[in-house]
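Have a look at the structure below, then the notes.
The values are calculated or read from the model by the stated rules, or taken from the named source; none is laboratory data. No experiment lies behind these values; they were computed from the predicted model shown. Backbone-built Cβ (ideal geometry, glycine too); neighbour counts: all protein chains shown. Areas reflect the complete protein model, heavy atoms only, side chains present, ligands, DNA and RNA absent. Shrake-Rupley method; radii C 1.70, N 1.55, O 1.52, S 1.80 Å.
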Amino acid sequence: MTVLVLGSSGLVGRRLVRKLADDGTPVVACDVVHPRSAGLPELPGVAYVTADITRLDQLLSIIKEHDVAALALLSYIMGPLMSPEHRDIPLACEVNVAGITNVLEAARLGGVGRVVFLSTVGTYGPQTIYGDRPVREDEILAPSSMYGRMKALNESICDRYAALYGLEVAKVRPSSILGPGSTIWPSRFIERVAVGQTGLVPYGPSSRDNVIAVDDLTVLLSLLLGAQTPRHSTYLASGHNVTMDELAKVVLELIPDAELEFPSPQRRPTYPELFDNTRAVEEFGWTVTGLIETVRLHIDGVRGEAGLAPIGHRS
């Protein structure tokens, strides 16, 4: 079974390609940027190609040439879109709406057996909508950001392709991903601490977020790509529900001399703060790395990319 990974140069894509290759799965790694240009090592047994997801002809050519059986859809304009100052709305719509739809159409026309789409918990609204209970998959979607709204639209289009054409699509909603290269707010806070800068905690001490190690997310994606027909169309990829005070204490346990600043005035996430990942855990036996180890791996990953020693070997 050959798996096509679209968005293979991104935070999740790089690790998913390696995970699949390590498991012996034939992989086609595809991005609009060639891996050499992105500074990525080329792995044995992985075919590297470039394509623009706004070009249906390019996608179909890759699917047919490599006899693609499953597809991981990770390509997206995310970081810039999270900023209210982002002005290139036409490009964002071209990639995030038309491009994602192109991929689904190419999968349909090319006979791809399964598509795994990386969505976001940003498709939900703030915690106040759901009360004090942890949020699960079958909740009302009420995104407040343009990024979340686009992902919610993508999910609706995925569902329509499934209903009209029988295309098998599994949607995965990750929480805040920790791993070097992540642009999520908790990740940025820890990244600054990792290289000796003052950590700017994104929300107030009592505010919650949910953090997941990028490698744990990668495992879930690989399970969905290779499993028998999933029981559900949507899965939460959430990890640890933590207050910012709890997260700060973990960081200080690992780096006791870290300097941290909480925001003033205090802010809260625009998406829920409590999640329940029981569905993925029970169906696939999926497990998540402990909180302290998740944060340590993030810190050491950032330090490694900066040419610094792991925290256990700091002088």
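Key figures for this structure:
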item	result
Length gained when the stretch Glu261-Thr50 is fully extended (0.36 nm per residue, less Cα-Cα span)	71.8 nm
Amide H partners (placed H, <5 Å) of Glu168, local residues excluded	Val115
Proximal lysines to Lys64, defined as alpha-carbon separation beneath 24 angstrom and excluding residues fewer than eight positions away on the same chain	Lys19, Lys171
Accessible area of the range 1-137 belonging to carbon and sulfur atoms, whole % at 1.4 Å probe	52
Loop GluC sites (Glu not before Pro), the range 52-140 (other Cβ atoms within 10 Å of the site Cβ: 12 or fewer; DSSP)	Glu85
Highest-fluctuation residue, Ile89, Ile299, Ile63 considered, GNM on the chain with Cα pairs under 10 Å	Ile89
Angle in degrees between helix 11-22 and the longest Cα principal axis of the chain, rounded to the nearest 10	60
Positive-end extreme of charge dipole, the chain - chosen from Thr183, His66, Val12 (charges on Cβ)	His66
Additional length obtainable on full extension of the chain from Asp245 to Val33, 0.36 nm per residue less Cα span	72.4 nm
Extended-chain gain in nm, criterion 0.36 nm per residue less alpha-carbon gap, Asp159 and Ala306	48.8 nm
Average accessible surface area per residue within the range 177-264, 1.4 Å rolling probe, Å²	39
Net charge, Leu200 excluded, C-beta distance under 9 Å - Lys, Arg +1, Asp, Glu -1	+1
Within the range 1-133: Cβ-based charge dipole about Cα centre, in debye rounded to nearest 20 (Lys, Arg +1; Asp, Glu -1)	240
Selected from Thr243, Val32, Cys93, residue furthest toward positive end of dipole (the chain; charges at beta carbon)	Cys93
Heavy atoms of Met1: accessible area, 1.4 Å probe, square angstrom to 10	110
Accessible area expressed per residue, the range 12-136, with surrounding protein chains retained (probe 1.4 Å, Å²)	46
Cα-Cα separations in the chain greater than 32 Å, expressed as whole percent	26
Spin-label model distance (nm) - Lys64 vs Ile129, 7 Å beyond Cα toward Cβ	4.2
Accessible area of the range 165-279 belonging to carbon and sulfur atoms, whole % at 1.4 Å probe	47
Cross-link partners of Lys151 among aspartates and glutamates (Cα-Cα below 13 Å; sequence separation of 8 or more within a chain)	Asp159
